[in-house]
Each structure stands twice: as structure tokens, then as C-alpha cells.
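Asks: Here it is: the structure, laid out below.
The values are calculated or read from the model by the stated rules, or taken from the named source; none is laboratory data. It should be emphasised that the depicted structure is a prediction, and the values quoted were computed from it without experimental measurement. Neighbour counts run over all protein chains shown; Cβ positions are idealised from the backbone, glycine included.
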Amino acid sequence: MDNFTPFSAIVGGVLIGLSICILLFFNHKLAGISSVIGGLFKFNFDDKLWRIFFLFGMILGALIWFEFNESSIVTFDSNPWIILAGGLLTGFGTQLGSGCTSGHGVYGIAKFSIRSIVATFIFLFFGMLTVFIQRNLF
Amino acid sequence: MNRINFISFSCGILFGLGLAVSEMTNPMKVKAFLDITGKWDPSLAFVMTSSIAVTYIFLKYIYLKRKNSKIFTEIKLNVFDFKLVVGAIIFGVGWGLVGFCPGPSVAALSDIQINTIYFVISMIVGILIHRFLYKKL
């Protein structure tokens, strides 16, 4: 566990939680990212702009941190074909299951939604299973 | 920029910052959490626990005390079905393959890398395939 970073994990988690709470409190909108993105691809034109602002904010927020912390990096262990397949499955799966790590995993669990707890356990299990197969059987 | 968009933008910054600080924007860090039989890194569990705690306290002590919390009536509660289970399985496999879920993949666009761009584009294609199949456009 030499890469374990509990302090930055907790600080980051609190920031994510605050973001969800503030957006809900002032805008009555859910910061479940798969639905923020998914809503961009529906025909309701009056509901698009806040999503675009939120997503650009996310990019800027991460950029600010990357600027000041050169050790923060984005690294992959998959080839481009795996990455394309992963993106496709993530996009389709989060829409079919109506949520991802933020919508089900954070907000849904905080609300004690049975649906979200079930979904989170399932995607965690299959995520772990996939990594296990990838790293041990190939 | 009106008030709603300003708040959205600010919350986006906070969310992206949180993902970057906790290194959830790094797929290898996320995969180290999913790799329970390897060199396991439990950091992601701490990210989830702390964000759930903040959200829970807010919902219980602030938001649910308000009458106009209409967002709760829009969501079907406590009904799990075929779509939820299959969707979560498909997402879980995609998440494990790369180490990106939707939020971190968008935030990671700031560290301009072709692999992140590939992921986000194919994720959008996945969303569009779902829209097409379920005629939800």
C-alpha cells in the first residue's frame, strides 16, 4: 500500500461533496456526471447551458491543480483500442443504468437509495473483476 | 453569465479540483483501487466515504428540511430493474478496462492527452447509441 494517499483522498472527496451540495442547494440540479453529460444529447434546448458551464468548470478545476502540482498526472496502462472500448461501455452503461460513480456512488448512497447501493456494488464488483482478469489472465 | 450558470461553473471547478486533488483523474490510481488482489491502494474508498459523508450531512440537516426539494420526486426510488443491473455491469467493465468513469475523464481533458480524448469521444458515442436504441432523443 505504498501509494496510499488518505489525506488528499479525503480533501478531494470533501470538495466533490461540497460541489454536489452547492449545486443542489442553489440550482436544484444533480452533479451526477453521466447525467450532466447525457443531458447534452437530448432535445431540450433550455437545459443545456448549465451543463456546459459545469463541464468546463471541471476541466478548469483540474487544470488549476495540475498547474501547481507537476506530480499529478494522467497515466494509462491500456492501448487505444481498449480505451475506445472502455469509453463506449462507460457511455452506454451509465445511461442504461442511469448513473455512475457520482450519481449512484456518492449522491445515491448518501440518500440511502437502494437502487444506487445495488448499482454501486455491481459496478465496483465488475470493475474489480475486469482489472483482475486483465492483470492476471492476459 | 447568469446566476445559475455561474453557480454551475463554480461547482464544476470545485468538482474538478476535488477529482484532481484526490488523483481520481489518474486512471492508474483508480485501477490500483480496483486491483484488490494486487498492490491494493484504498484511496478511492476514502474519496467516496468523505464525499458521501458531506452529502449525507447536507441532505439530512439542510436540504430535506426545505419544502421545495423537488428533485426527490423526479427520481424513482427503491426500484431496481433489469436496466439498472445490466447498465451497472456494462459500466463496471468499462471502468475496469481503462480506469476512467465519466467525471474524471472530463476533468482529465485539462492534461491534454490523446487517450483521454479517445475515451471521451467514445463515451459520447456510447451515450448516443443508448439514445438511438431507446429513442430518448
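Asks: Among the residues of segment B:111-137, what is the count of those that are assigned to a helix (DSSP H, G or I) and either within 20 Å of A:VAL74 (Cα to Cα) or of a type in the set (A, V, I, L, M, F, W, C) (or both)?
Replies: Initial filter on segment B:111-137 (assigned to a helix (DSSP H, G or I)): B:114-134.
Going one step further and asking which of them are either within 20 Å of A:VAL74 (Cα to Cα) or of a type in the set (A, V, I, L, M, F, W, C) (or both), we end up with B:114-125, B:127-129, B:132-133.
Residues flagged as assigned to a helix (DSSP H, G or I) and either within 20 Å of A:VAL74 (Cα to Cα) or of a type in the set (A, V, I, L, M, F, W, C) (or both) within segment B:111-137 amount to 17.
Asks: Scanning for something small (Gly, Ala, Ser), surrounded by 24 or more Cβ atoms within 10 Å (Cβ to Cβ) and in a loop (DSSP other than H, G, I, E, B), does segment A:70-86 turn up at least one residue?
Replies: First, pick out the residues of segment A:70-86 that are small (Gly, Ala, Ser): A:71-72, A:78, A:85-86.
Applying the additional criterion that residues be surrounded by 24 or more Cβ atoms within 10 Å (Cβ to Cβ) yields A:86.
Subset that is in a loop (DSSP other than H, G, I, E, B): none.
Looking through segment A:70-86, none of the residues is small (Gly, Ala, Ser), surrounded by 24 or more Cβ atoms within 10 Å (Cβ to Cβ) and in a loop (DSSP other than H, G, I, E, B).
Asks: Additional query: Determine if segment A:63-70 includes at least one residue that is within 16 Å of the chain's Cα centre (by Cα) and free of Cβ contacts under 8 Å to residues at least 24 places away in the same chain. Working first, answer last.
Replies: Step one: filter segment A:63-70 for residues within 16 Å of the chain's Cα centre (by Cα), giving none.
No: segment A:63-70 contains no residue that is within 16 Å of the chain's Cα centre (by Cα) and free of Cβ contacts under 8 Å to residues at least 24 places away in the same chain.
Asks: With A:GLY57, A:GLY13 as the choices, which residue is buried (at least 21 other Cβ atoms within 10 Å of the Cβ) and closer than 26 Å to B:LEU64 by Cα? Walk me through it before giving the result.
Replies: Details: A:GLY57 fails: closer than 26 Å to B:LEU64 by Cα.
Every option except A:GLY13 fails the conditions.
Results for (1) more than 7 Å from chain A (Cβ to nearest Cβ); (2) modelled with pLDDT under 95; (3) in contact with a helix residue (DSSP H, G or I) (Cβ under 6 Å, 6 or more places away or on another chain); (4) within 15 Å of A:ILE33 (Cβ to Cβ), shown as yes or no for each residue.
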site	(1), (2), (3), (4)
B:LYS76	yes, yes, no, no
B:PHE80	no, yes, yes, no
B:ALA88	no, no, yes, no
B:LEU97	no, no, yes, no
B:PRO102	no, no, yes, yes
B:THR116	no, no, yes, yes
B:GLY126	no, no, yes, yes
B:ILE129	no, no, yes, no
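Asks: Being in contact (Cβ under 8 Å) with a residue 24 or more places away in the chain and closer than 28 Å to A:ILE109 by Cβ is true for just one of A:ILE52, A:ILE22, A:ILE16, A:ILE10. Which residue is that? First the steps, then the outcome.
Replies: Working: A:ILE52 fails: in contact (Cβ under 8 Å) with a residue 24 or more places away in the chain; A:ILE22 fails: in contact (Cβ under 8 Å) with a residue 24 or more places away in the chain; A:ILE10 fails: in contact (Cβ under 8 Å) with a residue 24 or more places away in the chain.
Of A:ILE52, A:ILE22, A:ILE16, A:ILE10, the one residue that is in contact (Cβ under 8 Å) with a residue 24 or more places away in the chain and closer than 28 Å to A:ILE109 by Cβ is A:ILE16.
Asks: Out of segment A:30-43, which residues are buried (at least 21 other Cβ atoms within 10 Å of the Cβ) and within 7 Å of chain B (Cβ to nearest Cβ)? Break it down into steps so the answer makes sense when it comes.
Replies: First, pick out the residues of segment A:30-43 that are buried (at least 21 other Cβ atoms within 10 Å of the Cβ): A:31-34, A:36-38.
Within segment A:30-43, A:ALA31, A:ILE33, A:SER34, A:ILE37, A:GLY38 meet the criteria.
Asks: Evaluate segment A:37-56: report whether one residue or more is part of a helix (DSSP H, G or I) and closer than 17 Å to B:GLY96 by Cβ.
Replies: Within segment A:37-56 (the criterion being part of a helix (DSSP H, G or I) and closer than 17 Å to B:GLY96 by Cβ), the answer is no, since none of the residues qualifies.
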